[in-house]
Structure formats: structure tokens, C-alpha cells
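J.: The structure follows.
The values are calculated or read from the model by the stated rules, or taken from the named source; none is laboratory data. Small disclaimer: the values here were computed from a predicted structure and weren't measured. Virtual Cβ from ideal backbone geometry, glycine too; neighbours counted across all protein chains shown.
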Amino acid sequence: MRKQYDIIDQKLTEISGDRCSIHIFACPDEREKRYLIDEMKVDEHTFNSALDPDELSRLEFEPDHAAVIFKRPKNYSAAEQFVFKVASAGAFLYKDRLEIVVAEDAPLFDGAAFTRLQSRAGVILKLISRSIIHFREHLKGISMISDEIQQEINRSMENKHLINMFTLQKSLVYYVNSISSNGALLDKLRHNAAKIGFSTEEIEFLDDIIIENSQCYKQADIYSNILASLMDARASIVSNNLNVLMKTLNIITIAIMVPTFVVSAFSMNVSIPLAQHDYAFWIILTLATLSVGAFLLYWRKRKW
């Protein structure tokens, strides 16, 4: 799918016709791929990198354009089962136009972030800034979900809650790597600001983005370390709860076995004491009850 935009009054406006200078290719088909590779001279490997979720962020300079590959979080849905995924996006900056390639048809220019635009190079900075904000929003969501899962683990020992926690931890690892990769890209953009053509205001904005990305990386790293520690602690708690449960079951089992043994001894088909006694039943029942009490006292004394 192809969409066309242009900067009008320092704002991005979707337009039609041949005068637009910004094109977005969402889930490009074969015809659009050939257009970018054959006509716009985009390197095929770089084009594929823009659609590869495992590709690292990077900046490359071609003879007639600069290629920027950056990471962005994918939109989360409940059907993902606590899996937060990342995607790659590509921005190819020419002297007179900007080509953007993404793997999913998601709104890129939503919100009030895409205002006060001075150039097409500034659009790239806005896109990266928007992805950082998106990462931070997802981190808050992950933190809230992890708190809910921890409460469920405290109430239940089902494996699905631990699996959900592990899934969140795995997502955080991908987020940490992606944010770190974007940080390396931002540093390279800063070093090549003059070559790309950033204005003074855009360079100041780039410096702010670098700081925000660094803070976002630290936040994601802290969440990842905390969740990893919680996973170990929760596994130990579940194991301890299982031991307590087995201990309780053993107490009940042995407590039942002791009076059963007493009653069984007096019910043998042999000549036994009290066989002719009028209160034999109540005496045997009392002995069985006393055996239970004696067993529980012994268990408590040994502090088992």
C-alpha cells in the first residue's frame, strides 16, 4: 500500500498527485519493490532489511541517498498472548524526496508529534522519536501486566502464569536490544548531521532524542533485570509452596495410617485382648484417637 504526503505549513499532509515528496510503502508488493530497487536505486539488501524484524538499526550512504534502518515496536493486541514484538522500518532520504518502507500497515504519523517540520530529514527524526515514545508506552504496559501476573502466581501455582511471565521477559530482551540498536543509530546520525543536512534546530532535537532513547534503554534494562530476578524468585516460591503442600499431605496420610493400624490390629481373626469386653469398641476408638494426638505432638516437637 502506497501513501503520499508533503510538508505544508510545517505539518505533514496526505495529498495525491505527482508533486508529493514523501511516500510511505506499507507491506510493499512486488511492483512497489521493483519501483524502489530499479527506479529509486535502493539496494535490495537494504530494502529487505527494512522489512526484517531481526535486522539491526543502521545508517548507510548511497551515491544518491541515505538509508536509515531503525527499530519500532509493533502494535500489541490481546491475541498475542503477552508477546510484544518489534519491527524494522526503512527511510531512504533523497535530495528531493523521502521514501519510507514499513512491514505493516500501521499509522506512522499519528498524534501531535509531526508538527513544526522543517525538512524531510526532520521527518526521520520524528519517526524515531515516535518509536521511542511507543517503546516507553509498551514498557508501562509490560510493567502493569507483570504485576497482575505476579498476583495470579501468588494465588495459583498453574504453569500458564509462569509461562506468561517468561514471555514478558523474552519480549523485554528484544526491546532492550532494539532500543540499544536505535541508540547506536542516533549516535551515527549525530556524527553525520552535516552530511545529512540537519538544521540547527533539528540537531538540537536529535540531541534530545538521544537522551530520551538512553533513558528508555535504562528503563527497559531495569524492567528486564527485575523480571528476570522475579522469575527466579517465583520459581523458588512455587517450589517451596509445593514442598509445603507435600508436607501437609504427608501429615494427613500418616495421621490416617496410625489409627488405621490400631483398628486393624484389633480386627484380626485371632484371639486378642478385650475380645469379650463390653466396651471393646469404645476402648479401641479411644486408643486410635490417642495415637493421632501422640503423633501430632511428636511431629510438632520435632518441628517437621
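J.: Determine if the range 91-108 includes at least one residue that is surrounded by 13 or more Cβ atoms within 10 Å (Cβ to Cβ) and under 17 Å from Tyr174 (Cα atoms).
T.: No.
J.: Considering only residues that are in contact with a helix residue (DSSP H, G or I) (Cβ under 6 Å, 6 or more places away or on another chain) and not polar (S, T, N, Q), which ones fall in the range 160-172? Show your work before the answer.
T.: To start, the set of residues in the range 160-172 that are in contact with a helix residue (DSSP H, G or I) (Cβ under 6 Å, 6 or more places away or on another chain) comprises 161, 164-165, 168-169, 172.
Answer for the range 160-172, where residues must be in contact with a helix residue (DSSP H, G or I) (Cβ under 6 Å, 6 or more places away or on another chain) and not polar (S, T, N, Q): His161, Met165, Leu168, Leu172.
J.: Which one is surrounded by the fewest Cβ atoms within 10 Å (Cβ to Cβ) among residues in the range 65-84 that are out of contact with any His (no Cβ under 9 Å at 6 or more places or on another chain) and modelled with pLDDT of 90 or more?
T.: Ala66
J.: Working only within the range 253-297, note down all residues that are at pLDDT below 75, part of a helix (DSSP H, G or I) and of a type in the set (Ser, Thr, Tyr).
T.: Ser264
J.: Which of the residues that make up the range 43-59 are under 25 Å from the mean Cα position of the chain (by Cα) and of a type in the set (D, E, K, R)?
T.: Of everything in the range 43-59, those that are under 25 Å from the mean Cα position of the chain (by Cα) and of a type in the set (D, E, K, R) turn out to be Asp52, Asp54, Glu55, Arg58.
J.: Being out of contact with any Gly (no Cβ under 7 Å at 6 or more places or on another chain) and at pLDDT 90 or above is the requirement here; does Lys160 meet it?
T.: no
J.: Another question, if that's okay. Please indicate, with yes or no, whether at least one residue in the range 238-246 is within 29 Å of Asn75 (Cα to Cα), free of Cβ contacts under 8 Å to residues at least 60 places away in the same chain and in a helix (DSSP H, G or I).
T.: No, that holds for no residue.
J.: What do you reckon, is Ala87 assigned to a strand (DSSP E or B) and over 28 Å from Arg19 (Cβ atoms)?
T.: In short, yes.
J.: Taking the range 168-195 on its own, how many of its residues are surrounded by 17 or more Cβ atoms within 10 Å (Cβ to Cβ), of a type in the set (S, T, N, Q) and in contact (Cβ under 8 Å) with a residue 40 or more places away in the chain?
T.: Qualifying residue count for the region: 5.
J.: Give the residue that is surrounded by the fewest Cβ atoms within 10 Å (Cβ to Cβ), with candidates limited to residues of the range 218-240 that are of a type in the set (Val, Ile, Thr) and at pLDDT below 75. Even if it seems obvious, please write down each step before you answer.
T.: Kept after step one, since they are of a type in the set (Val, Ile, Thr), are these residues of the range 218-240: 222, 226, 237-238.
From what's left, at pLDDT below 75: 237-238.
Values: Ile237: 14, Val238: 17.
It comes out as Ile237.
J.: Under the condition of being touching a Gly at 6+ places or on another chain (Cβ under 7 Å) and touching a residue at least 60 places away in the same chain (Cβ under 8 Å), which residue from the range 196-233 is nearest to His134 (Cα to Cα)?
T.: Asn213
J.: If you check Ile15, Ile37, Ile7, Ile24, which single one turns out to be among the β-branched types (Val, Ile, Thr) and farther than 17 Å from Arg120 by Cβ?
T.: Ile37
J.: Specify the residue that is surrounded by the most Cβ atoms within 10 Å (Cβ to Cβ); the eligible residues are those in the range 128-167 that are touching a His at 6+ places or on another chain (Cβ under 7 Å) and among the aliphatic types (A, V, I, L, M).
T.: From the range 128-167, those touching a His at 6+ places or on another chain (Cβ under 7 Å) are 149, 152-153; that's our starting set.
If we keep only those that are among the aliphatic types (A, V, I, L, M) too, we end up with 149, 153.
Details: Ile149: 22, Ile153: 20.
It comes out as Ile149.
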